[in-house]
Each structure stands twice: as structure tokens, then as C-alpha cells.
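Here's the structure we're looking at; comments come further down.
The values are calculated or read from the model by the stated rules, or taken from the named source; none is laboratory data. Everything numeric here is computed off the predicted structure, so don't read it as measured data. Glycine gets a Cβ as well: all are built from the backbone with ideal geometry, and neighbour counts include every protein chain shown.
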């Protein structure tokens, strides 16, 4: 074999082995808790989508609810809540007003109305607002979110929150009462040259949207929590009259007469339940006029009352000579929960299932569910009022300070 033949020899090749199949990834089986976690994950995503759709829909329906001011005050209130949580001081000092000063617990702090205007203090004692407003007979009322200060018999009023005067109004005739709702709508009761009285209804943007000319002397007004109804209570020669309106309607859809009774106060205890205090009895009614119950005062005149979504508290005078009183606590629909005889009751307040009573140098706290006396506290001389702050606490007011007390649950 020559050299050329040697080079032409084809050597046998090694046999090719079949390639092994590459392992395929398999879906690991999920355990029970992994499956639950995945369900929660999908549910959370769905809720976020629903929330975003709700925000968009709400913004389209009520664009005025979204504003820089609204966000600003929301952040401010978060700071106020933080101040309340961080504050350990049980005494809050404020500027001395005068004998006619009206104090009120508000957003964990204190609001004051006096002849020079309005002052609001946060829970840590810092003053958050001062409003200059001359008032001969200062009055102060509040909802969960807003304050209304007015000069009783005067013509000027102011609507505030914790940090700003939101609206200042004047009326043509003397003011006899103001009620402000949680949503910011409010009523102003005034005299009139066209009727015995009139009630002005403002919306949450401070626009006068309705004027009720009344054939009775209006003594009290209330707006339902839903903002759907307005109740007007008036006095006539033969007794009281209650008219209920759908907001926006000129005529009442329901009316009730209280013959030979002097009407004193009104309030909603639920979205559809109204309580009326007269000089003789307490009435509870459905908005359609149906009577739920009537509580007699047994001939004793009421000297103080508080109507709230938790119930109704009424203080009647048993013995004027000895300043002996009876405290009556009534449920939302008129069921009497308890009665108690006390000496010289000067103030009452309801807050978070606690009924606070100021009586003869003592602050008493009753549980609104069962009437149990939770706390009895001694107060100092010169006490001028009491107001619940929520979370089982209340401020007892003096000339230039408020002392916080807690009910023992």
C-alpha cells in the first residue's frame, strides 16, 4: 500500500449515542396555605380595582368633595389625632373669657365662644385657631366635623373647623338658633317680616339653598345624618308642631301636633327616628309621623336635655327649693333605660356609650347600655360645664382650664 492509499483509508467512526432528553420543568404542587395566599392576592387586587372605580365615580358625582382644602384639613386632622395620642397632660389651659363664655370639647381638644370670638385648642394645649367675632350672647354648637358660633339675638354667625373660619354670614333678622350637620350643611333660625319665623338652609358649600317661612315660632331644627331630611319644631298658641321635609321640598311630607305642650328641642336618634322634648313629655317618632313611645315627666319641668344617636338624656326639676333633679336616660325609640335622682345637675353630655353628668361638685359617668354608674369624680369649685371627648373621656371646664377625666369601664 502506497502512501496515497494509506491516506485514503477511512477509519471507522464511533457510533453516535442518542442524546438524553432534557429534563422539563414541572409545576410544583401548591400546598393548602399557598393556595389560600394566592386567593387573597387575587382578592386584594380585585378590591384595589373596585376602590379605584369608586373613587373615580365619586369624583364624577361630587367633584367638590375633592379639593386642596379638603386634603389639607385631612392631613391637619391626622396631626391633631397624633397630638391627642401623644398628650399625657390631663389639664388644658386656655384664655379666660368671661361669665358668658361657652366651652365645648371638639376633636380631642377644646373650643370656646366668648364676647370676642372663637378659640380652638388642640389636645396638647396649642391654640390652632382664633376668630375675632363680637358677640353679646355667644353660643356654640358642633357636629363631628364643624363648629357654628353665633350671637343669640344678633345677626352674625361663623362656621369653622379646627384650623380655619370657613364661612362668616350675616342675617337680616335676629338669630335664635343654628344646627350644623356632619356633612357641613346647616340651618339658621331667625325672625321674619313675612311669617312668625323663618329657617335658612345652607349646603356644605355655604350656599343658601332653601328658605322656610313658618307659621309657628321655630324653636329647634335638626338635619338627619344622611342629609335627606330636615325636621322643624315650632310653637303655636295651642301647642307644638313638628314638620318633616325632604331637603329640597317646599312642603312637609309629615306633620305632628302636640296639643297643649310647649316644644323645647328636637333631634334625630337614627336616620329615620326623631325625638321631641316638650315641657311635659318626650316623644319619639318615625319620620312618617308614627309614634314609637312617649315618656312623661310627671309634671316636672325639663331643665336640660341632650339628643344623640346613642339615645336621649333629660334632666327634670323635682324640687326647685332644694335643687333636686331627676336624670332620665331613654333609648333611641323611647324606651326608658334608667332614672336617677340627683342634686343640682348643671350639665350633661353623651359620648361613646358614656353619659356624663355634672352634679353638686361631682362628675358622674353612666354606661348608656345598662345605666351602670361607672365613675364618680370630685370637681373643684368654679366648675362651669362638662363635655365628652370620646373614648370614655370628658373635659370638666373651669374659668381658664379644662381637666380631662376618664370613665372606668
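Of all the residues in the stretch 75-111, those that are at pLDDT below 85, closer than 23 Å to residue 134 by Cα and surrounded by 14 or more Cβ atoms within 10 Å (Cβ to Cβ) number 1. Here residue 269 passes the criteria (1) buried (at least 16 other Cβ atoms within 10 Å of the Cβ); (2) without any contact (Cβ under 8 Å) to a residue 60 or more places away in the chain except the one numbered (2). Is there a residue in the stretch 207-217 that is within 20 Å of the chain's Cα centre (by Cα) and assigned to a loop (DSSP other than H, G, I, E, B)? Within the stretch 207-217, not a single residue is within 20 Å of the chain's Cα centre (by Cα) and assigned to a loop (DSSP other than H, G, I, E, B).
Going through 377, 358 one at a time, which residue ends up being under 26 Å from residue 96 (Cα atoms) and within 23 Å of the chain's Cα centre (by Cα)?
Numbers: 377 fails: within 23 Å of the chain's Cα centre (by Cα).
Only one candidate passes the filter, namely 358.
Residue 221 fulfils the conditions (1) crowded, with 21+ Cβ neighbours inside 10 Å; (2) assigned to a loop (DSSP other than H, G, I, E, B) except for a single criterion, (2). In the stretch 272-297, of all residues being touching a residue at least 40 places away in the same chain (Cβ under 8 Å), more than 22 Å from the chain's Cα centre (by Cα) and in a strand (DSSP E or B), the one that is farthest from residue 339 (Cα to Cα) corresponds to 292. Answer with yes or no whether residue 321 is touching a residue at least 60 places away in the same chain (Cβ under 8 Å) and out of contact with any helix residue (DSSP H, G or I) (no Cβ under 6 Å at 6 or more places or on another chain). Judged against the criteria, residue 321 is not a match. In summary, residue 337 fulfils each of the numbered conditions (1) surrounded by fewer than 20 Cβ atoms within 10 Å (Cβ to Cβ); (2) under 24 Å from residue 296 (Cβ atoms); (3) more than 25 Å from the chain's Cα centre (by Cα) with the single exception of condition (3). Screening the candidates 327, 358 for the property of being in a strand (DSSP E or B), touching a strand residue (DSSP E or B) at 6+ places or on another chain (Cβ under 7 Å), at pLDDT 95 or above and over 22 Å from residue 281 (Cα atoms) yields one hit, 358.
Here's the yes/no breakdown for (1) within 23 Å of residue 306 (Cα to Cα); (2) not in a loop (DSSP other than H, G, I, E, B):
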site	(1), (2)
153	yes, no
169	no, yes
172	no, no
184	yes, no
194	no, no
204	no, no
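Of all residues in the stretch 347-361, those satisfying the criterion of being farther than 18 Å from residue 275 by Cβ and surrounded by 18 or more Cβ atoms within 10 Å (Cβ to Cβ) are 347, 354, 356, 357, 358, 359.
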